[in-house]
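Before any comments, here is the structure.
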Amino acid sequence: MQSCEISSKRQQQVLDIAFSGDWVMDAQLPPLDALLTQLETDKTLQTVRFSIQAVGRWDSMLVTELIKLIDCASGNGLQVDKTTLPTAIQGLLTLVYAVPERTDAHRNQQHNSWSQALFVASGKAIAHGKEMLIFVGEMAVSTVATLRGQAHFRRQDLWLYIQECGPSALPIVTLISLLVGLILAFVGAVQLSLFGAQIYIANLVSLGMTREMGGLMTAIIMSGRTGAAYAAQIGTMHVNSEIDALKTMNLDPMAFLVLPRMLALIIIMPLLCLYADLMGIIGGGFVTVNFFDVSLTEYLDRTASAVKMKDFTIGFVKCSVFGILIALSGCMRGMQCGRSASAVGDAGTSAVVTAIVFIVVADSVMTIICNRLGI
């Protein structure tokens, strides 16, 4: 490969710039600083011409260097003679300058003060809150219309969604609930063993699972598994204009797409919570019986005496609320999805984050209410 070189020759008011060698991507390009400086400072020049007869192989690198010289010459009021260039290069240059670069295309880096950042964040929070209220209102209207028989609601879809978010989720719920029960038992045993009260590990595990951890962990699992899936499904339908097609056929997307998914989660979440409670108690019993001086009969007896019906009821109510929040988050982000593949991914991520935030906030509020009511 011949090394690429560039030279210039002054003829009165014309500057001839000659290229030679192989101007390809892997070549060591000569610097253009001297030529650019001459074009900027020489006030007696009027025309710039190019000669590439001595050029061997070339690719877009040659065109890029030509563009730099042409832009510099044009910016300093010089005439550029392109007739000496080959037809192929002239065609490429014509395409380059057919649509000039927008002067405002580059984003300027701005350093906003903390007050401006707070104002922008507040505006975004208000806008998101408004969108959420609109979505909840549309969902309520669709629910009333469905109850009156005025909306198109497919019962087959409801059973399909129940199967997808119920039996299909049992393996991951089993694994996580068993591990949570193991962790609760070990954490409680560290302190209770100091007083010889290992028997109360059963109380800790059973109450912790039925009132809090069973429903909370199930909700977090379902938000990452089902909530993201709902957002991706509806977002993909939005990208493919399927939702627009439903509206064209006079079908309400809220009743046709969102309501079956929400009902499926409301129905299945309490059942998954009960299953998670059972798995957590089994995991805690495995630790208590095998690692501490507690028999299986004692563990089951303490569990039966510690857990009351109100504890299961609290867990069921929380899980039903969590199911509504997961379905709302997933479907809302799916309906707000843009029309690109990256927008579908962003919708799935946003659905999981939104659902988890809502779950933690709702769990905190309901726990405070239960504490104030003494239940």
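The values are calculated or read from the model by the stated rules, or taken from the named source; none is laboratory data. Note that the structure is a prediction, hence the values are computed from the model and not measured. No Cβ is skipped: glycine too gets one built from the backbone with ideal geometry, and neighbour counts run over all protein chains shown.
So if I check each of Ile356, Ile369, Ile326, Ile314, which one is closer than 16 Å to Cys273 by Cα, among the aliphatic types (A, V, I, L, M) and surrounded by fewer than 21 Cβ atoms within 10 Å (Cβ to Cβ)?
So the residue among Ile356, Ile369, Ile326, Ile314 that is closer than 16 Å to Cys273 by Cα, among the aliphatic types (A, V, I, L, M) and surrounded by fewer than 21 Cβ atoms within 10 Å (Cβ to Cβ) is Ile314.
Could you figure out which of (1) free of Cβ contacts under 8 Å to residues at least 40 places away in the same chain; (2) not in a helix (DSSP H, G or I) isn't true of Phe358?
Result: Phe358 passes all but (2).
When you go through Leu175, Leu170, Leu179, Leu133 one by one, which is the residue that is at pLDDT 85 or above, within 23 Å of the chain's Cα centre (by Cα) and part of a helix (DSSP H, G or I)?
On inspection, the qualifying residue turns out to be Leu133.
Go through segment 5-58 residue by residue and tally those that are of a type outside the set (S, T, N, Q), assigned to a strand (DSSP E or B) and under 25 Å from Ala88 (Cα atoms).
Final tally of qualifying residues: 21.
What's the number of the only condition in (1) surrounded by 13 or more Cβ atoms within 10 Å (Cβ to Cβ); (2) more than 49 Å from the chain's Cα centre (by Cα) that Leu62 fails to meet?
Only one criterion in (1) surrounded by 13 or more Cβ atoms within 10 Å (Cβ to Cβ); (2) more than 49 Å from the chain's Cα centre (by Cα) is unmet by Leu62, namely (2).
Return the pairs, sorted by first residue and then second, in which the second residue is polar (S, T, N, Q) and not in a helix (DSSP H, G or I), the first residue lies in segment 77-92 and is within 17 Å of Ser60 (Cβ to Cβ), the beta carbons are less than 9 Å apart, and the residues are 6+ apart or on different chains.
What qualifies is Leu85/Ser51; Gln90/Thr83.
Filter segment 159-196 down to the residues that are free of Cβ contacts under 8 Å to residues at least 40 places away in the same chain and touching a Gly at 6+ places or on another chain (Cβ under 9 Å), then identify the one that is nearest to Leu272 (Cα to Cα).
Of everything passing the filter in segment 159-196, Ile183 is nearest to Leu272 (Cα to Cα).
Mind telling me which of the residues Thr313, Thr349, Thr354 ends up being assigned by TED's automatic domain parsing to the domain that holds Val258, farther than 24 Å from Pro260 by Cβ and out of contact with any Leu (no Cβ under 6 Å at 6 or more places or on another chain)?
So the residue among Thr313, Thr349, Thr354 that is assigned by TED's automatic domain parsing to the domain that holds Val258, farther than 24 Å from Pro260 by Cβ and out of contact with any Leu (no Cβ under 6 Å at 6 or more places or on another chain) is Thr313.
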